[in-house]
Amino acid sequence: MVAAATLHAFSTELLVGSMTFSVLATMLCLGESFMQKFGANILRSLDSAAYFSAIFSLCCIPIVALTGNAAGDASSSPYLVNKMLLSGLCLGLWIGVIHGRYTLGLELWQNRKMSIFHAVLVGLGYGTAAMLGSIGSLMTRGETVGDLIGIWPHLESAPSLSFGISITLALLSLIALLVVIFVQPKGEKVRS
């Protein structure tokens, strides 16, 4: 039998690798949309790489959260509580990335404001994942690469949320997501 900590480390590496690939491809798409040096085929390929690696990342986030929860007791450690809260934020940001790209299509890169917003959203999702990794590093090794920055949060304390409040917040988040996806009027494709 494989230990939960080993599964957590494996799924974390899959997540970080796919997110890194998505961020790099997104930044290359942003650069190509501004400079237009390589052509539409390269932009289409980079966009597809960014999109599908973001989808893979989204699939990995719940697995990482579940294996991390199985590897430790979230009720006794503020670090684990913060990891679970940040996992929800990370999941929401990457859902926004994928939904935005799906809704706008390849035309996303024709509109500069939307392409910059999309790249910022990808960066925020990646930053949240980096914070999650930083907390994990603090828990296992007592240090993190984020300490080199000097302003990196350690998150040694966690908000105290009862089970009922946690379930209520999760349901409200799910309802908001469903409203955005299914109820909100669909916009037209962005024209440059």
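Please treat every number below as a calculation from the coordinates, not as lab data. Remember, predicted model here, so these are calculated numbers, not experimental data. Heads up, the Cβs are rebuilt from the backbone with ideal geometry, glycines too, and the neighbour counts pull from every protein chain shown.
Points to keep in mind about this one:
- Estimated distance in nm for a label pair at Asn69 and Thr140, the labels positioned 7 Å out from Cα along Cα-to-Cβ: 2.0 nm
- Of the trypsin sites (Lys or Arg not before Pro) in the stretch 84-146, not one is in a loop by DSSP (not H, G, I, E or B) with at most 12 other beta carbons within 10 Å.
- Counting 0.36 nm for each residue step from Phe34 to Leu171 and taking away their Cα separation leaves a gain of 45.3 nm.
- Computed from the C-beta positions of Gln110 and Ala5 and an R0 of 45 Å, the FRET efficiency is 0.50 to the nearest 0.05.
- Annotation for Leu178 and Thr103: the two label points, set 7 Å from Cα along the Cα-Cβ direction, are 1.8 nm apart.
- Residues Met139, Met19, Met131, arranged from fewest to most other Cβ atoms within 10 angstrom of their Cβ, appear as Met139, Met131, Met19.
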